[in-house]
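Following: one structure in structure tokens, then a few remarks.
Please treat every number below as a calculation from the coordinates, not as lab data. No experiment lies behind these values; they were computed from the predicted model shown. No Cβ is skipped: glycine too gets one built from the backbone with ideal geometry, and neighbour counts run over all protein chains shown.
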Ligand code: SAM
Ligand code: SF4
Ligand code: SF4
């Protein structure tokens, strides 16, 4: 039985107030946190709602009809998200991932994508604009997303066996509709698609080989994610984590694989490829092989709180700042000042510190995975 949790945003009020330094400087990409990490990626949660109830993310005992989802005026508007993203881009952010909840449930999301696609980085490039979805309404949306300027897509799928998949999404959603969403994305012209599979030992690990076989040679990169202790509601314990190394061993025994270089420093997934040349796979090993030392990511929650770590229990209230008449320069300086004080490295201390695993953490559907 999962323990009922009270959402952090309600019982603890607004987040921390970001401080605006007395002396303002021109926004630049040089700010590093206390561990020397620059700010390069931003994940934006565009809704805290979802049509799935994945047991590891939004278990239905907690995310039921009484759950206090945010109301529309509590969400950042498209204009506010665009303004904030423009400021983040002036500070060196190059990559944006839209997430949630289920981002495709946010009405007219393609309008936001069109707005974000116009933003330029400090080196005058377009942002690397990407989105993670459960794929359930991708058939309906893929063409519009592509036309709006979305560059890349990641689709989550935890198995090919309907019974197992339905047990994980907990809303009886069939595998075929997600596969059809993936096909729709390909037809719309998306290349380099990624599929994320969260592996829960004893629940869907028997799907690993079938998934590898299905996507091998298809041009889609399958990535295995270790089940993480995000939030406080998913009843996580280490015995349900299948280490990536073991997933790799199982695949290697049937389809030989070898590691390859990361695309860029701070890349979350470790890249491997099939020795026979039939494509790539990836491993996101947040539990057993931590990557905090090169974590360059910040997150904006659905209601405009800036979180410096997926496992943070407090955010900084940038929504209030955005709505208080402050200038872009002041907000940029507040972000630089907040980032320069960042010391988060939760995954590194999780193993050695039992206190770390018992702190209350914010739900992933609210700050975005
Ligand atoms: N609804 C979209 C989806 O499922 O793709 C986007 C949001 S979801 C929170 C983002 C990603 O986080 C998904 O790939 C999901 O599988 C992953 N995720 C959620 N809870 C997780 C957990 N406890 N451990 C590992 N990954 C998790
Ligand atoms: Fe929804 Fe994605 Fe969470 Fe599943 S992982 S409940 S699809 S937000
Ligand atoms: Fe980054 Fe926090 Fe994850 Fe470490 S635990 S990689 S600091 S988000």
Going by alpha carbons, how many degrees (0 to 90, nearest 10) lie between the helix axis of 175-187 and the longest principal axis of the chain?
-> 70 degrees
When you take every Cα atom in the chain, what is the radius of gyration, and what is Dmax, the widest Cα pair distance, in Å?
-> 19.8, 61
Distance in nm between residue 276 and residue 111 label points, each 7 Å along Cα→Cβ, equals 4.9 nm
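Let's test the formula: R0 of 25 Å, r as the Cβ-Cβ distance of residue 258 and residue 186. What FRET efficiency results, to the nearest 0.05?
0.40
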Give, in nm to one decimal, the length gained when the segment between residue 19 and residue 179 is fully stretched (0.36 nm per residue of separation minus the Cα-Cα distance).
-> 53.0 nm
Protection proxy ranking, peptides 27-34, 75-82, average beta carbon neighbours within 10 Å, highest first = 75-82, 27-34
C-alpha long axis of helix 138-148 to longest principal axis of the chain, angle in ° | 40 degrees
Pull out the extension gain between residue 64 and residue 167, defined as 0.36 nm times the separation in residues minus the alpha carbon to alpha carbon distance; nm, one decimal.
-> 35.4 nm
Compactness of region 280-345, expressed as Rg and Dmax over alpha-carbon positions, Å = 14.6, 48
Given a Förster distance of 22 angstrom, what is the FRET efficiency for residue 314 paired with residue 294, based on the Cβ-Cβ distance and rounded to 0.05?
-> 0.45
If the chain between residue 213 and residue 80 were fully extended at 0.36 nm per residue, the gain over the current Cα-Cα distance would be 43.6 nm
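What does DSSP give for the chain in terms of the percent of beta bridges that are antiparallel, rounded to the nearest 5?
Working: 14 of 45 bridges.
Around 30 percent of the beta bridges assigned by DSSP in the chain are antiparallel ones.
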